[in-house]
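First, the structure itself, so that you have it in front of you.
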Amino acid sequence: MTLLERDEKNREEARNEERIRFAQKLIKRGCDDDFILETTELSVEGIKTLRSELGM
């Protein structure tokens, strides 16, 4: 793996982590799954998992 590939992988992981944090905030505020899907581009399964982890 080249340095450029590693950097791109790290950036993508950071973007995904930010999407997850944002989705968690939206879940806590009571937003519906359609809105969360549209704004974060996470998967339905990912949002369900987050809801479960948050006990929501």
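Give the range 1-21 a look and list any residue that's open to solvent by 90 Å² or more (accessible area, probe 1.4 Å) and of a type in the set (Asp, Glu), or say none.
Glu5, Glu17, Glu18
What's the total number of residues in the range 22-44 that are loosely packed, with under 10 Cβ neighbours inside 10 Å and under 11 Å from the mean Cα position of the chain (by Cα)?
0
Looking only at the range 1-23, count how many residues are in contact (Cβ under 8 Å) with a residue 12 or more places away in the chain and among the small types (Gly, Ala, Ser).
1
Just to be sure I understand the filter: pairs with C-beta atoms under 6 Å, separated by 6 or more residues or on different chains, first member in the range 24-43 and closer than 17 Å to Leu54 by Cα, second member assigned to a loop (DSSP other than H, G, I, E, B). Which pairs pass?
Taking only residues 6 or more apart or on different chains, the pairs are Ile27/Met56.
The values are calculated or read from the model by the stated rules, or taken from the named source; none is laboratory data. Quick caveat: nothing in here was measured; it's all calculated off a predicted structure. Glycine also receives a Cβ, built like all others from the backbone with ideal geometry; neighbour counts cover every protein chain displayed. For the accessible areas, the whole protein counts, side chains as well, though only heavy atoms, and no ligand, DNA or RNA atoms are used. Shrake-Rupley method; radii C 1.70, N 1.55, O 1.52, S 1.80 Å.
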